[in-house]
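Everything on this sheet refers to the single structure shown next.
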Amino acid sequence: MSTVIETRGITKVYEMGEFEVHALRGVDLTVENGDFLSIMGHSGSGKSTLMNVLGCLDAPTAGDYILDGTNVHELSPDEYADIRNTRIGFVFQGFNLLARTSALDNVELPLFYDRSDRIADPREAAVKALERVGLGDRMGHDPNQLSGGQQQRVAIARALVNEPSIILADEPTGNLDSVTTIDILKLFQELNDQGITVLIVTHEHDIAEYTRRTIEMKDGRIVRDAAANNRKA
C-alpha cells in the first residue's frame, strides 16, 4: 500500500499571553492508503490538534506534513485550501448542518468552494452521496426533520461529495445513542472497505475497537501505536 499521510517531527505551540502551550511535541506518524485508525487520548493530549493539522485546518509550528506525496508547507494559501477541499472530508460531533436547509443543499454546499471543476454536476454528486449513506428518501428534509443518526449520515454524505481519499472524523458518535453509534461505525467500515482512508478521533475505547489501528496520545506525543480489534459493526 502507498503512504497517504506522513508527519515528521510535527510540533504545535500556542502563544497564550506570556505562556506557551505545547500541544504537539514531535509527532511522527505514517498512514497507509486504505487504513482505518482511531486517535485516542484524554483532554489535552493533542489528539484534536493533530487532527486539525492532518486536515490542513491548522499549520504546525515546526516539522513536515506530507499528504499524498506533497509537503503541504510548501504550498501557497490557495493551494493549501485546494488540497483540503479536494482530498479530505470532515465529519464532526455536532454535525454542523445548516438549519432550514435541505439535506441535499447541505451536502452540495462544499462544491461551491471547489475550484478544481472535478465535479461536473454538483447536484447529481450530492444526490449520489446521500444515496451512498442510505438517505435517498430524505433529500428534501431539513435537519430538524431528521434523527441524530440521519443528521450524521447527511454530514458524512457532505464529507463524501468531493470524492476525498481521506475522511477525518472528530468524535463523530459523541452525540448519538449506542444503537445509532453502531450504525454510523458500520457506515465508516463500509466506506473503508471501498478504499477510503478513515481516521477517527475518540476518547472511547469501545469506539476504537471497530477500527483497524489505534494511536494513543499523551502530552502531545504518540505513546502507543498498535493494531485494533477491527470489530465488525
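Observations
- Residue satisfying all of: in the range 175-232; of a type in the set (Gly, Ala, Ser) and surrounded by 14 or more Cβ atoms within 10 Å (Cβ to Cβ); farthest from MET51 (Cα to Cα) among these: ALA228
- Residue in the range 67-87 that is over 30 Å from LYS12 (Cα atoms) and out of contact with any Lys or Arg (no Cβ under 7 Å at 6 or more places or on another chain) present: no
- Candidates ILE196, ILE166, ILE222, ILE182, filtered to the one that is touching a Pro at 6+ places or on another chain (Cβ under 9 Å) and either hydroxyl-bearing (Ser, Thr, Tyr) or touching a residue at least 24 places away in the same chain (Cβ under 8 Å) (or both): ILE196
- Total residues in the range 29-56, condition in contact with a helix residue (DSSP H, G or I) (Cβ under 7 Å, 6 or more places away or on another chain), assigned to a loop (DSSP other than H, G, I, E, B) and under 14 Å from ALA169 (Cβ atoms): 1
- Any hit, the range 149-162, residues being touching a residue at least 12 places away in the same chain (Cβ under 8 Å), of a type outside the set (S, T, N, Q) and outside any helix (DSSP H, G or I): yes
- Within the range 196-223, the set of residues being modelled with pLDDT under 95 and in contact with a Leu (Cβ under 6 Å, 6 or more places away or on another chain) is empty.
- When the range 14-68 is limited to residues that are in contact (Cβ under 8 Å) with a residue 12 or more places away in the chain and aromatic (Phe, Trp, Tyr), the one that is surrounded by the fewest Cβ atoms within 10 Å (Cβ to Cβ) turns out to be TYR65.
- Of all residues making up the range 146-170, the number that are out of contact with any Leu (no Cβ under 9 Å at 6 or more places or on another chain) and more than 20 Å from GLU204 (Cα to Cα): 4
- Output for the range 99-146, where each listed residue is surrounded by fewer than 13 Cβ atoms within 10 Å (Cβ to Cβ), small (Gly, Ala, Ser) and at pLDDT 95 or above: GLY140
The values are calculated or read from the model by the stated rules, or taken from the named source; none is laboratory data. Keep in mind that what you see is a predicted model, and the values were worked out from it rather than measured. In this analysis, Cβ positions are derived from the backbone assuming ideal geometry, glycine residues included, and neighbour counts consider all displayed protein chains.
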